[in-house]
Each structure stands twice: as C-alpha cells, then as structure tokens.
1. Kindly put Phe179, Phe43 in sequence by how many other C-beta atoms sit within 10 Å of each C-beta, fewest to most.
2. Run a plain Debye calculation on the range 81-212 (Cα atoms as equal point scatterers, no solvent) and give log10 I(q)/I(0) at q = 0.15, 0.21 Å⁻¹, rounded to two decimals, same order as the q list.
3. Filter the trypsin sites (Lys or Arg not before Pro) in the range 119-220 down to the DSSP loop ones having no more than 10 other Cβ atoms within 10 Å, then list what survives.
4. What's the exposure ranking of Leu56, Leu178, Leu118, going from fewest to most Cβ atoms within 10 Å?
5. Rounded if a/c is under 1.5, else prolate if a/b beats b/c, else oblate: with a ≥ b ≥ c from the C-alpha gyration tensor eigenvalues square-rooted, which is the range 28-71?
6. Hey, with R₀ at 25 Å, roughly what FRET efficiency would Asp94 and Ala120 work out to, going by the Cβ-Cβ distance, to 0.05?
7. Excluding His70 itself, what net charge comes from residues whose Cβ is under 11 Å from its Cβ, given Lys and Arg +1 and Asp and Glu -1?
8. Along the positive direction of the dipole of the range 81-212 (beta-carbon charges: Lys, Arg +1; Asp, Glu -1; about the Cα centre), which of Gly180, Tyr124, Ser114 reaches farthest?
Amino acid sequence: MSTASPSPAKSAPEPKSPPGPGARRGRPGYDRDSLLEVAVGVFNERGYDGTGMEELARRLGISKSAIYHHVSGKDELLELAVNRALDALFAVLDEERARPGDATSRLERTVRRSVDVLAAELPYVTLLLRVRGNSDVEQRALDRRRDFDHRVAALVAEAAAEGGVRDDIDPGLISRLLFGTVNSLAEWYRPSGALPASAVSAALTAILFDGLRGPRRTGT
C-alpha cells in the first residue's frame, strides 16, 4: 500500500528590516541637520517659547520619540541653531585676525563677510537675533554675542589708532552701529531674490566706511 509523499515544509518568511530612526507610516526619516532645519523654521515662525515638541513632531511628520533619538529636547535644537550662526561669525573674525595687513582692511572685510554669513545662514542668524536670555541656552548665546562685539570693537580701535577710521567716536559704539546695520538685513533681505549678497555687502561697506573715514579729531 503506497503512502503519499509528505508535503514540502514551508520556509519561514524572511524577517523585515526594522524602520530607520525617525521613520513613521512610510515617511522618510530625518538626520539631525534636516531636523534642525525644520525646527529653526518653526521657531522663527511661531517663536521659540511658543513652539512645543508636539508641534515640531507634527511639522516633521514623525513621533516625538523619533525627535528624541537625535536631540535631548527643544533646548538642544536652539543651542545647535544659534551656535551654527555664531560659529560662522567667529570664524570670520579668527580668519581675518590671522591675515596680514592693516586693521582697517581687516575690519572692512569682517563686515563684508558677515553679510555673506547672514545671507548663507539667514534662518539661523534670524533666530540668534531674537534670543532674549530667557534660558541658560539663550544666556550663553548672548554672552557669545557680547564677546563678538568686544572683539569687533578692539579691531575698530586698532583701525582708529592707525588712522584708517575716525577716532572721535567710541569703538564700542562704532561696532554696534556697524553690526546693527548688518543685522537689520535679516528683516528684509532674502537670498532667493534678485539682489545677490555680494551686491548688498559691497553697498553696505561702501556707505558705512565712507562715513568712518570722515574727519578725525587727532592732529586737529
């Protein structure tokens, strides 16, 4: 009496690869840089204090736990953002300090290149300019901004001592006026517009430094 051949055993289904960090319902995951870019846009739109993690998760299309995979929370996102702007500005100062030449030329290039930084990092600089010191992160950012101002003022004083700019105005005031003008560009300048950053920086430095090379008190 014949027996039926046993049915071949079915192979176990291959396990599916787990979704990558930040993946949710088929949406692509985020790395920290892309997450930061979205977060900065929301902070600038709604205000940092007015933005919760729930809103960030909704805008990103991921869960809050997926955000925490990359950062510890909202404060770290703010610190990453403002430090990105500050690091770029300090890099300009450090590079110009290391270059040979007179202080006046280095000061003018610092202002010109700071406009370029603002254009390249506009959302991050905009957020930095809105910091008011309401948290430890914001206070550290303000401390770095003051350090930047002091270093620019020292460069102004060097330029005045060598006769490159007028010496009848306090260097600290000149520094604030220079970068108050640069910072005002964040209110209206858009890199996607018809006006290139190079044209803006050239016009701004020409106007500002024509005035700074006006009558000087020394020797009169």
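Values in this text are rule-based calculations from the coordinates and carry no lab data. Note that the structure is predicted; figures quoted are calculated from it, not measured. When we count neighbours, we look across all protein chains shown, and the Cβ atoms used for this are built from the backbone with ideal geometry, even at glycine.
1. Working: Phe179 18, Phe43 22.
Taking fewest neighbouring Cβ atoms as first place, the list is Phe179, Phe43.
2. Summing over Cα pairs of the range 81-212 leads to -0.71, -1.31.
3. On the way: sites: Arg130, Arg132, Arg140, Arg144, Arg145, Arg146, Arg151, Arg166, Arg176, Arg213, Arg216, Arg217; in loops: Arg130, Arg132, Arg166, Arg213, Arg216, Arg217.
Answer by residue number: Arg217.
4. Working: Leu56 20, Leu178 24, Leu118 27.
The fewest-first ordering by Cβ neighbours comes to Leu56, Leu178, Leu118.
5. It is prolate, given that a/c is not under 1.5 and a/b is the larger ratio.
6. Working: r = 17 Å, r/R0 = 0.68.
Efficiency at R0 = 25 Å is approximately 0.90.
7. Values: positive: Arg32; negative: Asp31, Asp33, Glu76.
After counting each charged neighbour, the total is -2.
8. Selected residue: Tyr124.
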